[in-house]
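Below: the structure, in structure tokens.
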Amino acid sequence: MTAPDNWQKSSFSGGGDGSNCLELASTPTTLHLRESDTPATILTTTPIPLTHLLDAIRAQAL
């Protein structure tokens, strides 16, 4: 699988040199996540499982 080239940094990334960031890229069927300081390690998922994960995280935060 070829990694996408449309990486975007999270708007919640820390200040400073900007090297501590979560980055997201998408293709028509998948989402790709990586940490900026280890860009070769990429987590690939689809929107539905990621939505379930984020919903669970939000529910724990309440």
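State which residue pairs qualify: first residue surrounded by 10 or more Cβ atoms within 10 Å (Cβ to Cβ) and inside the range 39-62, second residue of a type in the set (Ser, Thr, Tyr) in any location, beta carbons under 8 Å apart, and separation of 6 or more residues or different chains.
Thr44/Thr30; Thr45/Thr30; Thr46/Thr29; Thr46/Thr30
In the range 1-14, how many residues are modelled with pLDDT under 70 and open to solvent by 70 Å² or more (accessible area, probe 1.4 Å)? Before the answer, list the steps.
Of all residues in the range 1-14, those modelled with pLDDT under 70 come to 1-3, 12-14.
Subset that is open to solvent by 70 Å² or more (accessible area, probe 1.4 Å): 1-2, 12.
Adding up the residues that qualify gives 3.
Of all residues in the range 31-60, count the ones that are hydrophobic (A, V, I, L, M, F, W, C) and part of a helix (DSSP H, G or I). Steps first, please.
Going residue by residue through the range 31-60, those that are hydrophobic (A, V, I, L, M, F, W, C) are 31, 33, 40, 42-43, 48, 50, 53-54, 56-57, 59.
Checking the rest, the ones that are also part of a helix (DSSP H, G or I) come to 48, 50, 53-54, 56-57, 59.
The qualifying residues number 7.
The values are calculated or read from the model by the stated rules, or taken from the named source; none is laboratory data. Values in this document were obtained by computation on a predicted structure and should not be read as measured data. Using ideal geometry, Cβ is built from the backbone for each residue, glycine included, and neighbour counts are taken over all protein chains shown. The area values use the complete protein model at the heavy-atom level, side chains included, leaving out ligands, DNA and RNA. Shrake-Rupley method; radii C 1.70, N 1.55, O 1.52, S 1.80 Å.
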